[in-house]
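Okay, handing you the structure first.
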Amino acid sequence: GWATDMGIYEFTMGATGDKVKARYTYNYVQEDGVWKIQHHHSSVMPEAVDMGKPITPDEVRGLFHLWNDALATLDPTKVAARYAEKGVLLPTVSDKARTDFHSIREYFVNFLQLKPQGEILESHVTIGNNWCQDAGIYEFTMGATGKKVKGRYSFVYVFEDGEWKISHHHSSVMPEPTMPQAITEEEVRNLFQLWNSALATEDAD
């Protein structure tokens, strides 16, 4: 009057396309002439518990292009949507930490007026359990002015609501532009001419 079926099954989630493999046990009993489930145990496979969402280093670098493509729309709402619910933005040209959707969007309202497009020049990727990091150097070309700005960046991504989003984004200009301007030997010699021209004015002041 009873039967058992145990083993491994896999579910395909139609809403996301994700596949979930699990162990199962069914105990059936015959009740009123019909076989019915008397006991059902289902548990995720042990090797899947701590694996998290898999991602490759190239895919991590590709996440930058999702953000950069959002910049290209010139829509601050679409850019802010690339950030996680508790995402933090430490932007290049603002001394204010942006810690929610509204303040992140507010920053891009102004920044997008420059029509920026970025390119990664140097990338260093770290991958963890449902998080990943891309840090390095990128360069922006400002479509509104043609100016190029090179900066250091770090993106930390988390897997949230079925997609990778930016949990932490820090961007800062390269320190080199704040260093003294380089000068050639010929330019140094020409500085004498500025002094000599001042002599010719016969003005002591």
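Give the span of the range 79-163's Cα atoms along each principal axis, as three whole-Å numbers ordered largest to smallest.
The principal-axis extents, from largest down, are 41, 30, 23 Å.
Same structure again: How compact and how long is the chain, expressed as Rg and Dmax of its alpha-carbon atoms in Å?
Just the Cα atoms of the chain yield Rg and Dmax of 29.3, 120 Å.
Evaluate E = 1/(1 + (r/R0)^6) for Asn190 and Arg152, where r is the Cβ-Cβ distance and R0 equals 35 Å; express this FRET efficiency to the nearest 0.05.
The computed FRET efficiency comes out at 0.50.
Given Cα pairs under 8 Å that are at least 6 residues apart, what percent is the relative contact order of the range 1-98?
Computed value for the range 1-98: 15 percent relative contact order.
For the chain, the longest stretch holding no trypsin sites (Lys or Arg not before Pro) located in a DSSP loop with at most 14 other Cβ atoms within 10 Å is which?
It works out to 1-95.
Report the net charge of residues surrounding Gly118, where surrounding means a beta-carbon distance below 14 angstrom and charges are Lys +1, Arg +1, Asp -1, Glu -1.
Result for the local shell: +2.
For the range 1-96, take the alpha-carbon Rg, divide it by the Kirkwood Rh, and send me Rg/Rh. All intermediate terms of the calculation are to be shown ahead of the outcome.
Working: Rg = 23.5 Å, Rh = 18.5 Å.
Rounded to two decimals, Rg over Rh is 1.27.
Sorted by accessible area (1.4 Å probe), largest first, how do Trp164, Trp131, Trp67 line up?
Final ranking, largest accessible area leading: Trp131, Trp164, Trp67.
For the range 63-205, what's the relative contact order in percent, using C-alpha pairs closer than 8 Å and at least 6 residues apart? The partial results should precede the final answer.
Details: 224 pairs, mean separation 28.0, N = 143.
Dividing the mean separation by the residue count of the range 63-205 yields 20 percent.
Separate question: Measure nothing fancy, just the Cα-based angle from helix 185-200's long axis to the longest principal axis of the chain, in degrees from 0 to 90, nearest 10.
The angle comes out at about 40 degrees.
Could you give the length gained on full extension between Ser172 and Ala204, defined as 0.36 nm per residue of separation minus the Cα-Cα distance, in nm?
Net length gain for the segment: 7.0 nm.
Suppose R0 equals 41 Å. What FRET efficiency, 1/(1 + (r/R0)^6) with r the Cβ-Cβ distance, do Val44 and Ala144 give to the nearest 0.05?
Calculated transfer efficiency: 0.20.
Between helix 101-111 and the chain, what is the angle of the helix's C-alpha long axis to the longest principal axis, kept within 0 to 90° and rounded to the nearest 10?
30 degrees
Under 28 Å between C-alpha atoms is the cut-off here; go through the range 1-110 and count lysine pairs that meet it, provided they're at least eight residues apart or on different chains.
Eligible lysine pairs with Cα atoms under 28 Å apart amount to 10.
For the range 129-205, which GluC sites (Glu not before Pro) are in a loop by DSSP, counting at most 15 other Cβ atoms within 10 Å?
Those that pass, being in a loop and sparsely packed, are Glu202.
OK, next. Once you have the Cα-Cα distance between Lys115 and Lys96, take 0.36 nm times their residue separation minus that, and quote the gain in nm to one decimal.
4.7 nm
Between Glu85 and Ile183, what's the calculated FRET efficiency when r is the beta-carbon distance and R0 is 45 Å? Round to 0.05.
Plugging the Cβ-Cβ distance into 1/(1 + (r/R0)^6) gives 0.35.
The values are calculated or read from the model by the stated rules, or taken from the named source; none is laboratory data. What you see is a predicted model, and the numbers here were worked out from it, not measured in a lab. As a convention, Cβ positions derive from the backbone with ideal geometry for all residues, glycine included, and neighbour counts pool all protein chains shown. Note: accessible area is taken over every heavy atom of the protein model, side chains too, but ligands, DNA and RNA are not part of it. Shrake-Rupley method; radii C 1.70, N 1.55, O 1.52, S 1.80 Å.
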